[in-house]
Each structure stands twice: as structure tokens, then as C-alpha cells.
1. What single numbered condition from (1) of a type in the set (Lys, Arg); (2) closer than 15 Å to Ala111 by Cα; (3) at pLDDT 90 or above fails to hold for Arg45?
2. Quick check: anything in segment 94-106 over 22 Å from Gln162 (Cα atoms) and modelled with pLDDT of 85 or more?
3. Select from segment 27-41 the residues that are surrounded by 18 or more Cβ atoms within 10 Å (Cβ to Cβ) and touching a Pro at 6+ places or on another chain (Cβ under 6 Å) and list them in ascending order.
4. Within the set of pairs 6+ apart or on separate chains, which have a first residue in segment 179-202 that is free of Cβ contacts under 8 Å to residues at least 12 places away in the same chain, a second that is of a type outside the set (Val, Ile, Thr) and part of a helix (DSSP H, G or I), and C-beta atoms under 6 Å apart?
5. Just to be sure before I move on: is Val68 assigned to a helix (DSSP H, G or I), at pLDDT below 85 and surrounded by 17 or more Cβ atoms within 10 Å (Cβ to Cβ) in the structure I sent?
6. Quick check on my filter: what residues within segment 110-127 are small (Gly, Ala, Ser) and crowded, with 19+ Cβ neighbours inside 10 Å?
7. Tell me the residue from Asp98, Asp122 that is closer than 16 Å to Leu195 by Cα and more than 12 Å from the chain's Cα centre (by Cα), please.
8. Could you run through segment 79-93 and say how many residues are at pLDDT 85 or above, hydrophobic (A, V, I, L, M, F, W, C) and within 25 Å of Asp180 (Cβ to Cβ)?
Amino acid sequence: MVSAPTRVPQQERSRATQARLLEATVECLVEFGWSGTTSTVVATRAGVSRGAQLHHYPTKAALVMAAVEHLAERRAVEIRAEAATLPSGPDRLDRVIDMLAAAFTGPLFVAALELWLAGRTDPGLRGALVPLEARVGREMHRLTVELLGADERIPSVRESVQATLDLLRGLGVANLLSDDSVRRTALLGAWKRQLAAIVEPTGSTGGEA
């Protein structure tokens with residue numbers, strides 16, 4: 001007796017459709033920029049009907065914001081997974097900073113930068129983007145503190161962690177138009193030494209992830 005084909009629950013199909021749309025949106029932002037990332041282009045890239053796309057995300061801004069938030073959360077999970085493989089000891093800080101630096105040169109960073117530029121002249125997009133970026137920024141700061149095993153009760157530690165993220169963001173922007181790896185490596189090397197002196201003042205090797 002041939003069994004009937006298994007039906008995929010509607011909720012699961014809906015999640016799969018959303019995932020395809022979100023992934024396609026980031027791909028389009030990286031490839032075409034904000035102006036070229038239309039709802040139609042995204043739906044085509046995702047292999048989803050225009051009607052299904054509008055059902056889940058009725059506006060371009062809603063679609064793009066959801067995509068960036070989704071991938072920011074996914075990237076944080078990936079960073080934690082990568083960090084779990086890092087050894088404790090004197091090389092940990094170097095490895096953590098290198099890992100975070102990679103996050104500021106990847107597709108998610110490029111997609112986010114497209115939104116920042118568009119938000120400068122689009123009040124509606126800016127209004128939605130500012131609280132999202134504030135939340136993502138807080139989460140990235142918290143994650144960096146955790147990975148470094150830093151104690152923010154120590155003077156200057158909190159500011160130094162934030163300076164690290166600001167430095168990595170700036171270096172990521174500089175890397176967009178040309179290969180900036182040589183200068184970036186030199187700057188990060190100097191900053192790692194300064195950061196280690198601040199977050200590891202007693203010679204600690206850093207905490208576990």
C-alpha cells in the first residue's frame with residue numbers, strides 16, 4: 001500500500017518562505033544596493049510569488065529591516081559557535097578581535113551599510129533603523145565583553161570595548177572600495193596590545209566564551 005505524501009504544515013512552509021525572502025534580500029542589498037533592491041527583484045531571487053512576498057512583508061522597508069535583524073541574530077549565533085572553539089590563554093584576545101573583524105567585512109555589514117546610507121535621506125527608514133541598530137549594537141557590545149572575558153567594573157574597560165567595535169566598523173568601511181588588509185592588520189595589531197593592557201591588567205588570559 002502506497003502511503004499518502006506527507007503534507008508540510010502551513011506554519012513550516014511560511015517560515016521557509018520567510019527565510020528565503022530574508023536571505024534573498026541581503027544578497028540583493030550586497031549585489032544591487034538599496035535602490036536596486038526592489039520587492040520584485042527579491043521575490044524573483046527567492047523563488048517566491050509577489051503575492052506571497054507582500055503577505056509576509058507588505059513594504060520594502062519592512063522586508064529589509066526584517067532581513068538585517070534576522071541575519072544579525074544569525075551572525076551572533078555563528079560568532080558564539082566559533083568562539084567556543086577558541087582556546088583560552090594569551091592568544092585568545094587576538095583571535096577574538098580577528099573573528100569580530102571578519103564580521104565587519106562580510107555581507108551582513110555591507111547590507112547594513114546600504115541601509116545606513118539610505119536612511120540618511122529617508123525619514124521613514126531612519127526611524128525604523130535607529131532603534132534596530134541600537135539594539136544590535138548593544139548585543140554586539142555584550143557579546144564582545146563576554147568573548148573577551150572583560151570586567152566592565154574596571155575603569156576604561158567599557159569604553160575600550162566600544163572603541164574596539166567602532167574601530168572595526170571604520171576599518172570595515174575603509175575595506176569596501178579597496179583591499180585594506182595590510183593597513184588593517186597593522187592597526188589591529190597595535191590596538192590589540194593596548195586593549196590587552198586594559199582588559200587584562202593583572203595578566204589574566206581572558207575568560208571562557
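1. With (1) of a type in the set (Lys, Arg); (2) closer than 15 Å to Ala111 by Cα; (3) at pLDDT 90 or above applied to Arg45, the lone miss is (2).
2. Of segment 94-106, the ones over 22 Å from Gln162 (Cα atoms) are none.
No, segment 94-106 contains no residue that is over 22 Å from Gln162 (Cα atoms) and modelled with pLDDT of 85 or more.
3. None - no residue of segment 27-41 is surrounded by 18 or more Cβ atoms within 10 Å (Cβ to Cβ) and touching a Pro at 6+ places or on another chain (Cβ under 6 Å), so the list stays empty.
4. Asp180/Ala174
5. For Val68, the condition - assigned to a helix (DSSP H, G or I), at pLDDT below 85 and surrounded by 17 or more Cβ atoms within 10 Å (Cβ to Cβ) - is met.
6. The answer is Ala111, Ala112, Ala118, Gly119.
7. Numbers: Asp122 fails: closer than 16 Å to Leu195 by Cα.
Testing whether each residue is closer than 16 Å to Leu195 by Cα and more than 12 Å from the chain's Cα centre (by Cα) leaves just Asp98.
8. Within segment 79-93, residues that are at pLDDT 85 or above, hydrophobic (A, V, I, L, M, F, W, C) and within 25 Å of Asp180 (Cβ to Cβ) number 1.
The values are calculated or read from the model by the stated rules, or taken from the named source; none is laboratory data. Values in this document were obtained by computation on a predicted structure and should not be read as measured data. Ideal geometry is used to build each Cβ from the backbone, glycine not excepted, and the neighbour counts take in all protein chains shown.
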